[in-house]
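Please read the structure below before turning to the comments.
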Amino acid sequence: MTNTAVDEPLLTGLPPVLDRHTRLVVLGSFPSVASLRAQQYYGHPRNHFWKILGALWQEGLVAMPYLQRLETVRARGLGIWDVYAACEREGSLDTHIRNARLNNLDRLVRECPGLVAIAHNGGESFRHARHTRKLGLPVYRLPSTSPANASWSFERKCQAWREVFMVAGLLG
């Protein structure tokens, strides 16, 4: 008898966007297919991540080239990373993630001495809050910016994100 099941290839995530001036890091779960293809965080055009940041900071982030977005993020004290370093997954849904390998989240406090808080972008990322809480910083759960999170309006997502950004000192 032969095994006809085809294993999904191990996918590797993106490098972190962090520096010593990072005050708040937003942890997603794992990049979507579109993000991996583009090698850009939140690369799916319907993901609200860049649109929310643009609204909070009153900047045209969506229209900026990706590297300029990253410069803006760093300059404002925001870090971006994912809880998973690698996984197997068909498609982009978090529910399809299998055999995930966690990133070394301990490095956040070593590489970001100015870090004041950690925020999880969505429920799958927040499942690993027990790891981030061990770092001794406030940990928040943000509503997912994914297009799959259609139950939250853009305005409602913005308000939740605004509250965390205010606490972390990333606004005004």
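Which values of log₁₀ I(q)/I(0), to two decimal places, follow from the Debye formula for the chain at q = 0.14 Å⁻¹ with a uniform point scatterer at every Cα?
Values returned for q = 0.14 Å⁻¹ are -0.70.
Among residues other than SER32 whose Cβ falls under 13 Å from its Cβ, what is the net charge (Lys/Arg +1, Asp/Glu -1)? Could the numbers behind the result be given before it?
Numbers: positive: ARG37, ARG46, ARG89; negative: ASP82, GLU90, ASP94, GLU124.
Result for the neighbourhood of SER32: -1.
Every number here is computed from the coordinates shown, using simple stated rules; none is lab data. All figures in this text were calculated on a predicted structure; none of them were measured in a lab. Cβ: placed from backbone, ideal geometry, glycine included. Neighbour counts: every protein chain shown.
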